[in-house]
Amino acid sequence: MFYFLTTFGCQMNEHDSERIRGVLEENGWQPASGPGTADLLVFNTCAVRESAESRLLGRLGEASRLKKERPGRLVALGGCFAQSRREKLFDELPFLDVAFGPGSISELPRLLEAASATVTGDSQPAPSCCFDTGPGLSAGLPSRRSDRFRAWVQVMSGCTNCCSYCIVPSVRGPERSRPEAEIVTEAETLVEQGVVEITLLGQNVNAYGLDLEPDGGRRFTFAGLLASLDAIAGLERIRFTTSHPRDLGNDLIEAIRDLPGVCEHLHLPSQSGSTRVLERMKRGYSREEYLALSDRLYEAVPGLALTTDLIVGFPGEREEDFYRTTTLVQSCRFDSAFTFVFSPRPGTEAAALPGRVPQKAVRRRMRELVRLTQALAEEKNRKLAGRRLQVLVEGASRRESGQLRGRTRTNKIVNFSGSAGAGDLVDVIVDSATSTTLKGRQAG
Ligand code: SAM
Ligand code: SF4
Ligand code: F3S
(Lines give C-alpha, C1' and ligand atoms only; values in the text may rest on other atoms or scores of the structure.)
(Ligands and ions follow the chains in the order given, each with its own letter.)
Protein backbone atom coordinates (compact mmCIF):
# COMPACT_ATOMS: atom_id res chain seq x y z
CA MET A 1 0.00 0.00 0.00
CA PHE A 2 1.37 3.40 -1.01
CA TYR A 3 0.96 6.88 0.53
CA PHE A 4 1.68 10.37 -0.78
CA LEU A 5 2.24 13.17 1.74
CA THR A 6 2.02 16.90 1.02
CA THR A 7 3.20 19.38 3.67
CA PHE A 8 2.21 23.04 4.12
CA GLY A 9 3.32 25.52 6.78
CA CYS A 10 6.30 26.03 9.04
CA GLN A 11 9.27 23.93 10.14
CA MET A 12 7.16 22.51 12.94
CA ASN A 13 4.90 20.98 10.30
CA GLU A 14 7.89 19.78 8.23
CA HIS A 15 9.13 18.04 11.35
CA ASP A 16 5.69 16.60 12.14
CA SER A 17 5.63 15.25 8.58
CA GLU A 18 8.78 13.25 9.32
CA ARG A 19 6.81 11.65 12.16
CA ILE A 20 3.79 11.05 9.90
CA ARG A 21 6.10 9.25 7.44
CA GLY A 22 7.69 7.31 10.30
CA VAL A 23 4.35 6.18 11.73
CA LEU A 24 2.97 5.23 8.31
CA GLU A 25 6.09 3.32 7.27
CA GLU A 26 6.22 1.43 10.59
CA ASN A 27 2.68 0.35 9.78
CA GLY A 28 3.52 -1.06 6.37
CA TRP A 29 2.85 1.95 4.12
CA GLN A 30 5.41 2.83 1.44
CA PRO A 31 6.00 6.21 -0.23
CA ALA A 32 4.32 6.57 -3.64
CA SER A 33 6.04 8.33 -6.55
CA GLY A 34 3.05 10.67 -7.03
CA PRO A 35 -0.55 11.23 -5.94
CA GLY A 36 -1.96 9.22 -8.86
CA THR A 37 -0.30 6.00 -7.73
CA ALA A 38 -1.11 6.42 -4.03
CA ASP A 39 -3.71 4.46 -2.04
CA LEU A 40 -3.59 7.14 0.66
CA LEU A 41 -3.24 10.91 0.20
CA VAL A 42 -2.16 12.75 3.36
CA PHE A 43 -2.08 16.54 3.71
CA ASN A 44 -0.30 18.12 6.67
CA THR A 45 -1.93 21.52 6.75
CA CYS A 46 -1.37 25.10 7.95
CA ALA A 47 -3.88 27.77 8.98
CA VAL A 48 -1.61 30.72 9.80
CA ARG A 49 -2.77 32.84 6.85
CA GLU A 50 -5.61 32.62 4.36
CA SER A 51 -3.07 32.07 1.57
CA ALA A 52 -1.96 28.79 3.21
CA GLU A 53 -5.55 27.60 3.23
CA SER A 54 -6.14 28.63 -0.39
CA ARG A 55 -3.05 26.70 -1.50
CA LEU A 56 -4.36 23.66 0.34
CA LEU A 57 -7.84 23.95 -1.17
CA GLY A 58 -6.22 24.15 -4.62
CA ARG A 59 -4.39 20.88 -4.00
CA LEU A 60 -7.48 19.22 -2.57
CA GLY A 61 -9.18 19.62 -5.97
CA GLU A 62 -6.83 16.97 -7.30
CA ALA A 63 -7.50 14.74 -4.27
CA SER A 64 -11.25 15.01 -4.87
CA ARG A 65 -10.77 14.01 -8.53
CA LEU A 66 -8.56 11.05 -7.60
CA LYS A 67 -11.09 9.97 -5.02
CA LYS A 68 -13.88 9.94 -7.63
CA GLU A 69 -11.67 7.79 -9.82
CA ARG A 70 -11.30 5.23 -6.98
CA PRO A 71 -13.57 5.79 -3.93
CA GLY A 72 -11.64 3.23 -1.83
CA ARG A 73 -8.55 5.46 -1.94
CA LEU A 74 -8.13 7.24 1.41
CA VAL A 75 -7.75 11.00 1.90
CA ALA A 76 -6.42 12.22 5.28
CA LEU A 77 -5.97 15.78 6.57
CA GLY A 78 -3.72 16.53 9.55
CA GLY A 79 -2.10 19.60 11.07
CA CYS A 80 -3.28 23.06 12.04
CA PHE A 81 -6.01 23.67 9.43
CA ALA A 82 -7.55 20.30 10.27
CA GLN A 83 -7.45 21.11 13.99
CA SER A 84 -8.97 24.57 13.41
CA ARG A 85 -12.00 23.15 11.54
CA ARG A 86 -12.39 19.86 13.41
CA GLU A 87 -15.53 17.83 12.53
CA LYS A 88 -16.82 20.60 10.20
CA LEU A 89 -14.18 19.41 7.73
CA PHE A 90 -16.26 16.39 6.77
CA ASP A 91 -19.16 18.64 5.69
CA GLU A 92 -16.88 21.04 3.83
CA LEU A 93 -14.86 18.30 2.12
CA PRO A 94 -17.18 15.37 1.43
CA PHE A 95 -14.35 13.27 -0.06
CA LEU A 96 -12.38 13.35 3.21
CA ASP A 97 -11.97 10.09 5.16
CA VAL A 98 -9.62 10.89 8.04
CA ALA A 99 -8.78 14.06 10.01
CA PHE A 100 -6.31 14.49 12.87
CA GLY A 101 -4.78 17.32 14.88
CA PRO A 102 -1.04 18.15 14.95
CA GLY A 103 -0.65 16.41 18.31
CA SER A 104 -2.56 13.28 17.26
CA ILE A 105 -0.14 11.76 14.73
CA SER A 106 0.17 8.60 16.82
CA GLU A 107 -3.55 7.95 16.22
CA LEU A 108 -3.14 7.84 12.44
CA PRO A 109 -2.84 4.03 12.01
CA ARG A 110 -5.97 3.48 14.12
CA LEU A 111 -7.91 6.12 12.15
CA LEU A 112 -6.83 4.69 8.79
CA GLU A 113 -7.77 1.20 9.89
CA ALA A 114 -11.18 2.38 11.10
CA ALA A 115 -11.79 4.19 7.81
CA SER A 116 -10.68 1.35 5.56
CA ALA A 117 -12.55 -1.29 7.56
CA THR A 118 -15.77 0.26 6.33
CA VAL A 119 -14.88 0.10 2.62
CA THR A 120 -16.94 -2.42 0.73
CA GLY A 121 -16.53 -2.69 -3.02
CA ASP A 122 -16.64 0.84 -4.43
CA SER A 123 -18.16 2.51 -1.36
CA GLN A 124 -16.47 5.45 0.38
CA PRO A 125 -15.06 4.70 3.85
CA ALA A 126 -16.80 6.08 6.95
CA PRO A 127 -15.02 9.22 8.23
CA SER A 128 -12.84 8.92 11.32
CA CYS A 129 -11.04 11.65 13.23
CA CYS A 130 -9.03 12.52 16.31
CA PHE A 131 -8.34 16.09 17.42
CA ASP A 132 -5.88 17.27 20.05
CA THR A 133 -6.87 17.56 23.65
CA GLY A 134 -3.44 17.25 25.29
CA PRO A 135 0.12 18.39 24.55
CA GLY A 136 1.00 18.22 20.87
CA LEU A 137 4.37 16.56 21.15
CA SER A 138 5.19 14.23 18.30
CA ALA A 139 8.65 13.48 19.67
CA GLY A 140 9.02 9.84 20.59
CA LEU A 141 7.20 8.66 17.47
CA PRO A 142 9.15 6.91 14.70
CA SER A 143 10.62 9.36 12.19
CA ARG A 144 11.77 9.34 8.54
CA ARG A 145 14.23 12.17 7.96
CA SER A 146 15.12 13.28 4.46
CA ASP A 147 18.46 14.86 5.45
CA ARG A 148 21.29 12.71 6.83
CA PHE A 149 23.31 15.49 8.40
CA ARG A 150 20.73 17.95 9.66
CA ALA A 151 17.74 17.33 11.90
CA TRP A 152 14.95 19.13 13.71
CA VAL A 153 14.40 18.56 17.40
CA GLN A 154 11.17 19.71 18.99
CA VAL A 155 11.86 21.26 22.41
CA MET A 156 8.34 22.38 23.18
CA SER A 157 4.86 22.33 21.77
CA GLY A 158 2.11 24.93 21.64
CA CYS A 159 2.20 28.62 22.53
CA THR A 160 0.86 30.50 25.52
CA ASN A 161 1.24 33.98 24.05
CA CYS A 162 -1.78 35.85 22.84
CA CYS A 163 -0.56 37.84 19.83
CA SER A 164 -3.88 39.24 18.67
CA TYR A 165 -3.49 38.14 15.03
CA CYS A 166 -2.32 34.58 15.56
CA ILE A 167 -4.25 31.33 15.31
CA VAL A 168 -1.38 29.10 16.50
CA PRO A 169 -2.23 29.04 20.26
CA SER A 170 -5.79 27.96 19.52
CA VAL A 171 -4.71 25.09 17.26
CA ARG A 172 -1.49 23.97 18.92
CA GLY A 173 -2.61 24.40 22.53
CA PRO A 174 -0.63 25.86 25.45
CA GLU A 175 3.16 25.77 25.80
CA ARG A 176 4.66 22.51 27.06
CA SER A 177 8.39 21.88 27.36
CA ARG A 178 9.96 18.49 26.83
CA PRO A 179 12.21 17.32 29.67
CA GLU A 180 15.81 18.41 29.04
CA ALA A 181 17.22 14.88 29.46
CA GLU A 182 14.87 13.59 26.74
CA ILE A 183 16.00 16.30 24.30
CA VAL A 184 19.68 15.64 25.02
CA THR A 185 19.19 11.89 24.48
CA GLU A 186 17.45 12.54 21.16
CA ALA A 187 20.30 14.82 20.05
CA GLU A 188 22.90 12.22 21.08
CA THR A 189 21.09 9.54 19.07
CA LEU A 190 20.95 11.85 16.05
CA VAL A 191 24.70 12.49 16.31
CA GLU A 192 25.33 8.72 16.44
CA GLN A 193 23.33 8.52 13.20
CA GLY A 194 25.64 11.07 11.54
CA VAL A 195 23.78 14.34 12.20
CA VAL A 196 26.10 17.35 12.69
CA GLU A 197 23.52 20.16 12.85
CA ILE A 198 20.26 20.34 14.78
CA THR A 199 17.56 23.01 14.77
CA LEU A 200 15.57 23.24 17.98
CA LEU A 201 11.91 23.98 17.36
CA GLY A 202 9.34 25.80 19.46
CA GLN A 203 6.98 28.76 18.91
CA ASN A 204 8.74 30.66 21.69
CA VAL A 205 11.92 28.83 22.68
CA ASN A 206 12.79 31.56 25.21
CA ALA A 207 9.96 30.26 27.37
CA TYR A 208 11.53 26.79 27.40
CA GLY A 209 11.59 25.22 30.87
CA LEU A 210 9.26 27.69 32.60
CA ASP A 211 6.69 24.92 32.96
CA LEU A 212 9.19 22.26 34.12
CA GLU A 213 9.67 21.36 37.78
CA PRO A 214 13.16 22.42 38.98
CA ASP A 215 15.52 19.48 39.45
CA GLY A 216 17.24 19.57 42.84
CA GLY A 217 17.13 23.38 42.83
CA ARG A 218 18.24 23.68 39.16
CA ARG A 219 15.76 25.64 37.09
CA PHE A 220 15.47 24.63 33.45
CA THR A 221 16.06 27.40 30.93
CA PHE A 222 16.66 27.56 27.21
CA ALA A 223 20.21 28.83 27.72
CA GLY A 224 20.82 25.87 30.05
CA LEU A 225 19.47 23.48 27.42
CA LEU A 226 21.82 24.99 24.81
CA ALA A 227 24.77 24.44 27.19
CA SER A 228 23.80 20.79 27.71
CA LEU A 229 23.51 20.23 23.95
CA ASP A 230 26.76 22.07 23.24
CA ALA A 231 28.55 19.49 25.37
CA ILE A 232 27.65 16.66 22.96
CA ALA A 233 30.80 15.65 21.06
CA GLY A 234 30.28 15.64 17.28
CA LEU A 235 27.34 18.05 17.34
CA GLU A 236 28.89 20.88 15.34
CA ARG A 237 26.00 23.28 14.95
CA ILE A 238 22.97 24.15 17.04
CA ARG A 239 20.24 26.40 15.64
CA PHE A 240 16.89 27.30 17.08
CA THR A 241 13.65 28.99 16.14
CA THR A 242 11.66 30.99 17.15
CA SER A 243 12.75 33.53 19.77
CA HIS A 244 10.30 36.02 21.19
CA PRO A 245 11.83 39.51 21.73
CA ARG A 246 9.93 40.00 24.98
CA ASP A 247 11.48 36.95 26.64
CA LEU A 248 15.03 37.11 25.30
CA GLY A 249 17.36 37.48 28.27
CA ASN A 250 21.08 38.08 28.71
CA ASP A 251 21.66 34.39 29.43
CA LEU A 252 20.61 33.52 25.87
CA ILE A 253 22.73 36.30 24.36
CA GLU A 254 25.70 34.97 26.35
CA ALA A 255 24.94 31.42 25.19
CA ILE A 256 25.04 32.51 21.54
CA ARG A 257 28.27 34.40 22.22
CA ASP A 258 30.06 31.76 24.29
CA LEU A 259 28.92 28.28 23.23
CA PRO A 260 30.98 27.12 20.25
CA GLY A 261 28.21 24.93 18.79
CA VAL A 262 25.50 27.61 18.88
CA CYS A 263 25.33 29.38 15.51
CA GLU A 264 25.57 33.16 15.21
CA HIS A 265 22.08 33.56 13.81
CA LEU A 266 18.94 34.72 15.53
CA HIS A 267 15.47 34.79 14.04
CA LEU A 268 13.71 37.45 16.07
CA PRO A 269 10.30 38.39 14.68
CA SER A 270 9.67 42.11 15.20
CA GLN A 271 6.30 42.17 13.32
CA SER A 272 6.16 46.00 13.30
CA GLY A 273 8.33 49.03 14.07
CA SER A 274 5.48 51.02 15.60
CA THR A 275 4.82 50.74 19.32
CA ARG A 276 1.19 51.63 18.70
CA VAL A 277 0.77 48.67 16.33
CA LEU A 278 2.85 46.37 18.56
CA GLU A 279 0.46 47.18 21.41
CA ARG A 280 -2.54 46.32 19.24
CA MET A 281 -0.75 43.11 18.27
CA LYS A 282 -0.22 42.35 22.01
CA ARG A 283 3.43 41.56 21.43
CA GLY A 284 4.60 42.75 24.84
CA TYR A 285 7.52 44.99 23.73
CA SER A 286 7.92 48.46 22.25
CA ARG A 287 9.86 49.68 19.24
CA GLU A 288 12.53 51.09 21.57
CA GLU A 289 12.87 47.80 23.44
CA TYR A 290 13.31 45.89 20.19
CA LEU A 291 15.93 48.37 18.95
CA ALA A 292 17.83 48.18 22.24
CA LEU A 293 17.76 44.39 22.03
CA SER A 294 19.16 44.36 18.50
CA ASP A 295 21.95 46.75 19.63
CA ARG A 296 22.82 44.46 22.53
CA LEU A 297 22.86 41.42 20.27
CA TYR A 298 25.13 42.97 17.62
CA GLU A 299 27.45 44.26 20.31
CA ALA A 300 27.70 40.92 22.10
CA VAL A 301 27.94 38.58 19.11
CA PRO A 302 30.35 39.65 16.36
CA GLY A 303 29.15 38.67 12.88
CA LEU A 304 25.62 37.89 14.11
CA ALA A 305 22.94 37.46 11.44
CA LEU A 306 19.60 38.83 12.54
CA THR A 307 16.45 37.85 10.65
CA THR A 308 12.83 38.75 11.27
CA ASP A 309 9.12 38.46 10.41
CA LEU A 310 7.08 41.55 9.56
CA ILE A 311 3.34 41.99 9.10
CA VAL A 312 2.03 44.68 6.76
CA GLY A 313 -1.51 46.09 6.88
CA PHE A 314 -2.38 45.19 10.46
CA PRO A 315 -5.79 46.77 11.28
CA GLY A 316 -5.30 50.44 12.12
CA GLU A 317 -1.76 50.59 10.64
CA ARG A 318 -1.34 54.20 9.52
CA GLU A 319 1.18 55.57 7.06
CA GLU A 320 3.35 56.79 9.95
CA ASP A 321 3.25 53.34 11.59
CA PHE A 322 4.46 51.76 8.38
CA TYR A 323 7.17 54.42 8.13
CA ARG A 324 8.33 53.41 11.60
CA THR A 325 8.56 49.81 10.43
CA THR A 326 10.84 50.89 7.59
CA THR A 327 13.08 52.86 9.95
CA LEU A 328 13.26 49.93 12.38
CA VAL A 329 14.30 47.69 9.48
CA GLN A 330 17.04 50.18 8.54
CA SER A 331 18.32 50.44 12.11
CA CYS A 332 18.33 46.68 12.66
CA ARG A 333 20.05 45.87 9.33
CA PHE A 334 18.26 42.53 9.05
CA ASP A 335 20.01 39.81 7.07
CA SER A 336 16.63 38.77 5.75
CA ALA A 337 12.98 39.28 6.53
CA PHE A 338 9.81 37.32 5.91
CA THR A 339 7.14 39.86 5.04
CA PHE A 340 3.47 38.92 5.40
CA VAL A 341 0.25 40.68 4.53
CA PHE A 342 -2.05 40.68 7.57
CA SER A 343 -4.61 37.93 7.23
CA PRO A 344 -7.66 37.97 9.53
CA ARG A 345 -7.88 34.54 11.18
CA PRO A 346 -11.23 33.29 12.44
CA GLY A 347 -11.60 33.62 16.19
CA THR A 348 -8.57 35.86 16.70
CA GLU A 349 -8.85 39.26 18.37
CA ALA A 350 -7.33 41.12 15.41
CA ALA A 351 -9.92 39.72 13.00
CA ALA A 352 -12.52 41.81 14.84
CA LEU A 353 -10.43 45.01 15.10
CA PRO A 354 -11.60 48.07 13.17
CA GLY A 355 -9.39 49.92 10.70
CA ARG A 356 -8.84 47.47 7.85
CA VAL A 357 -6.12 48.91 5.60
CA PRO A 358 -7.22 49.29 1.95
CA GLN A 359 -5.73 46.62 -0.35
CA LYS A 360 -4.05 49.22 -2.54
CA ALA A 361 -2.13 50.70 0.39
CA VAL A 362 -1.22 47.22 1.66
CA ARG A 363 0.20 46.23 -1.73
CA ARG A 364 2.26 49.42 -1.98
CA ARG A 365 3.62 49.10 1.56
CA MET A 366 4.47 45.47 0.88
CA ARG A 367 6.36 46.37 -2.32
CA GLU A 368 8.31 49.08 -0.48
CA LEU A 369 9.17 46.81 2.42
CA VAL A 370 10.31 43.94 0.21
CA ARG A 371 12.48 46.32 -1.83
CA LEU A 372 14.01 47.76 1.34
CA THR A 373 14.67 44.43 3.08
CA GLN A 374 16.22 42.99 -0.09
CA ALA A 375 18.48 46.03 -0.60
CA LEU A 376 19.68 45.86 3.01
CA ALA A 377 20.25 42.10 2.78
CA GLU A 378 22.29 42.53 -0.39
CA GLU A 379 24.36 45.31 1.15
CA LYS A 380 25.08 43.17 4.20
CA ASN A 381 25.92 40.09 2.14
CA ARG A 382 28.25 42.06 -0.15
CA LYS A 383 30.28 43.11 2.86
CA LEU A 384 31.17 39.44 3.27
CA ALA A 385 33.21 39.43 0.02
CA GLY A 386 36.75 38.25 0.75
CA ARG A 387 35.75 36.63 4.06
CA ARG A 388 36.51 33.00 4.89
CA LEU A 389 33.38 31.30 6.28
CA GLN A 390 32.65 27.81 7.55
CA VAL A 391 30.10 26.04 5.36
CA LEU A 392 28.17 22.82 5.94
CA VAL A 393 27.93 21.16 2.52
CA GLU A 394 24.40 20.11 1.52
CA GLY A 395 25.26 18.64 -1.90
CA ALA A 396 25.26 19.79 -5.53
CA SER A 397 24.03 23.31 -6.21
CA ARG A 398 20.48 23.40 -7.60
CA ARG A 399 21.17 26.42 -9.77
CA GLU A 400 24.84 26.34 -10.78
CA SER A 401 25.94 23.14 -12.48
CA GLY A 402 29.25 21.72 -11.23
CA GLN A 403 29.00 23.80 -8.04
CA LEU A 404 28.34 22.77 -4.46
CA ARG A 405 25.77 24.27 -2.12
CA GLY A 406 25.92 24.73 1.62
CA ARG A 407 25.11 27.06 4.48
CA THR A 408 27.20 29.30 6.68
CA ARG A 409 26.79 29.33 10.45
CA THR A 410 24.74 32.48 9.91
CA ASN A 411 22.33 30.42 7.74
CA LYS A 412 23.26 31.99 4.42
CA ILE A 413 23.14 29.82 1.31
CA VAL A 414 26.49 29.57 -0.47
CA ASN A 415 27.14 28.20 -3.97
CA PHE A 416 30.82 27.43 -4.38
CA SER A 417 33.40 25.55 -6.39
CA GLY A 418 35.12 22.76 -4.50
CA SER A 419 35.37 19.05 -4.01
CA ALA A 420 33.71 18.32 -0.65
CA GLY A 421 30.88 15.86 0.03
CA ALA A 422 27.48 16.37 1.66
CA GLY A 423 27.83 16.66 5.44
CA ASP A 424 31.39 18.02 5.30
CA LEU A 425 32.31 21.24 7.08
CA VAL A 426 34.63 23.26 4.86
CA ASP A 427 35.93 26.82 4.68
CA VAL A 428 34.80 28.91 1.72
CA ILE A 429 36.14 32.26 0.53
CA VAL A 430 33.27 34.53 -0.49
CA ASP A 431 33.68 36.19 -3.92
CA SER A 432 30.30 37.84 -4.49
CA ALA A 433 26.77 38.05 -3.12
CA THR A 434 23.13 38.78 -3.89
CA SER A 435 20.38 39.48 -1.36
CA THR A 436 19.78 35.76 -0.88
CA THR A 437 22.96 33.89 -1.85
CA LEU A 438 26.73 34.02 -1.50
CA LYS A 439 29.13 32.75 -4.15
CA GLY A 440 32.63 31.56 -3.48
CA ARG A 441 35.33 28.92 -3.68
CA GLN A 442 36.53 26.31 -1.23
CA ALA A 443 39.60 27.46 0.66
CA GLY A 444 42.75 25.47 -0.12
N1 SAM B 1 6.01 31.84 17.13
C2 SAM B 1 6.69 32.57 16.16
C3 SAM B 1 6.71 34.04 16.55
O4 SAM B 1 6.13 34.45 17.50
O5 SAM B 1 7.33 34.79 15.86
C6 SAM B 1 6.18 32.31 14.75
C7 SAM B 1 4.72 32.20 14.57
S8 SAM B 1 4.00 32.12 12.99
C9 SAM B 1 4.03 30.43 12.68
C10 SAM B 1 5.15 32.79 11.85
C11 SAM B 1 4.83 34.19 11.42
O12 SAM B 1 3.60 34.26 10.74
C13 SAM B 1 4.67 35.18 12.54
O14 SAM B 1 5.90 35.62 13.05
C15 SAM B 1 3.91 36.30 11.88
O16 SAM B 1 4.76 37.23 11.26
C17 SAM B 1 3.13 35.57 10.79
N18 SAM B 1 1.69 35.56 11.07
C19 SAM B 1 1.06 34.91 12.07
N20 SAM B 1 -0.27 35.17 12.02
C21 SAM B 1 -0.47 35.99 10.95
C22 SAM B 1 -1.62 36.61 10.38
N23 SAM B 1 -2.83 36.44 10.91
N24 SAM B 1 -1.46 37.38 9.27
C25 SAM B 1 -0.23 37.57 8.74
N26 SAM B 1 0.89 37.01 9.23
C27 SAM B 1 0.78 36.23 10.34
FE1 SF4 C 1 1.64 33.16 17.32
FE2 SF4 C 1 2.63 35.00 18.94
FE3 SF4 C 1 2.66 32.43 19.66
FE4 SF4 C 1 4.24 33.27 17.72
S5 SF4 C 1 4.34 33.94 19.88
S6 SF4 C 1 2.97 31.42 17.70
S7 SF4 C 1 3.04 34.83 16.70
S8 SF4 C 1 0.83 33.70 19.38
FE1 F3S D 1 3.01 26.23 11.58
FE2 F3S D 1 0.99 26.95 10.11
FE3 F3S D 1 0.57 25.59 12.26
S4 F3S D 1 2.77 28.14 10.49
S5 F3S D 1 2.22 26.13 13.65
S6 F3S D 1 1.69 24.90 10.46
S7 F3S D 1 -0.67 27.26 11.54
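The values are calculated or read from the model by the stated rules, or taken from the named source; none is laboratory data. Values in this document were obtained by computation on a predicted structure and should not be read as measured data. Cβ sites come from the backbone with ideal geometry, for glycine too, and all protein chains shown count toward neighbours. For the accessible areas, the whole protein counts, side chains as well, though only heavy atoms, and no ligand, DNA or RNA atoms are used. Shrake-Rupley method; radii C 1.70, N 1.55, O 1.52, S 1.80 Å.
For M1 and E349, calculate 0.36 nm times their separation in residues minus their Cα-Cα distance, and state this gained length in nm to one decimal.
Extra length from M1 to E349 when fully extended: 120.9 nm.
Stretch E113-F338 to full length: gain in nm at 0.36 nm per residue minus the Cα-Cα span?
77.0 nm
When the chain is treated as a GNM, springs tying every alpha-carbon pair under 10 Å, which of A187, A76, A361 comes out with the largest mean-square fluctuation?
A361
Hey, rough spin-label estimate for R70 and S51, points 7 angstrom out along Cα→Cβ, what's it come to in nanometres?
3.5 nm
Give the lysines reachable from K68 as a straight Cα distance under 24 Å; neighbours fewer than 8 places away on the same chain don't count.
Reachable lysines: K88.
Roll a 1.4 angstrom probe over the protein heavy atoms and tell me the percent of accessible area of the chain that is carbon or sulfur.
Taking all protein chains in place, the chain shows 50 percent carbon and sulfur surface.
No solvent, one uniform scatterer per C-alpha: report log10 I(q)/I(0) for the range 323-371 via the Debye equation at q = 0.22, 0.32 1/Å, two decimals.
So the normalised log intensities are -0.93, -1.21.
So for each of 236-245, 345-354, 251-260 I average, over its residues, the number of other beta carbons within 10 Å; can you give me the resulting order with the highest mean first?
236-245, 251-260, 345-354
Based solely on its DSSP helices, what 222 nm [θ] is calculated for the chain when runs of n ≥ 4 H residues each add -39,500 (n - 2.57) and the sum is averaged over all residues, nearest 500 deg cm²/dmol?
When only DSSP H runs of four or more count, the value is -10500 deg cm²/dmol.
What number in nm² do you get for the chain if you take the convex hull of its Cα atoms and divide its surface by four?
Projected area, direction-averaged: 22.3 nm².
If you project the alpha carbons of the range 1-149 onto the principal axes, what extent comes out on each, in Å, largest first?
43, 34, 28
Determine the gain in length on full extension of the stretch R219-D147; use 0.36 nm per residue of separation and subtract their C-alpha separation, reporting nm with one decimal.
The span from R219 to D147 would gain 22.6 nm if fully extended.
Go ahead and set up a Gaussian network model of the chain, Cα springs under 10 Å, then flag whichever of D427, D247, D91 fluctuates most.
With Cα springs under 10 Å in the chain, the top fluctuation among D427, D247, D91 is at D91.
Top mean-square fluctuation among S417, S270, S17, Gaussian network model of the chain, C-alpha springs under 10 Å?
Looking only at S417, S270, S17, the largest GNM fluctuation is found for S417.
How would you order 380-393, 201-214 from highest to lowest mean count of nearby Cβ atoms within 10 Å?
Result, highest mean first: 201-214, 380-393.
Among all the lysines, which ones have a C-alpha under 18 Å from K380's C-alpha, if same-chain residues fewer than 8 places away are not counted?
Those lysines meeting the cut-off are K412, K439.
Determine how large the accessible area of F131 is when every protein chain is in place; take a 1.4 Å probe and give Å² rounded to the nearest 10.
Around 20 Å² of this residue is reachable by solvent.
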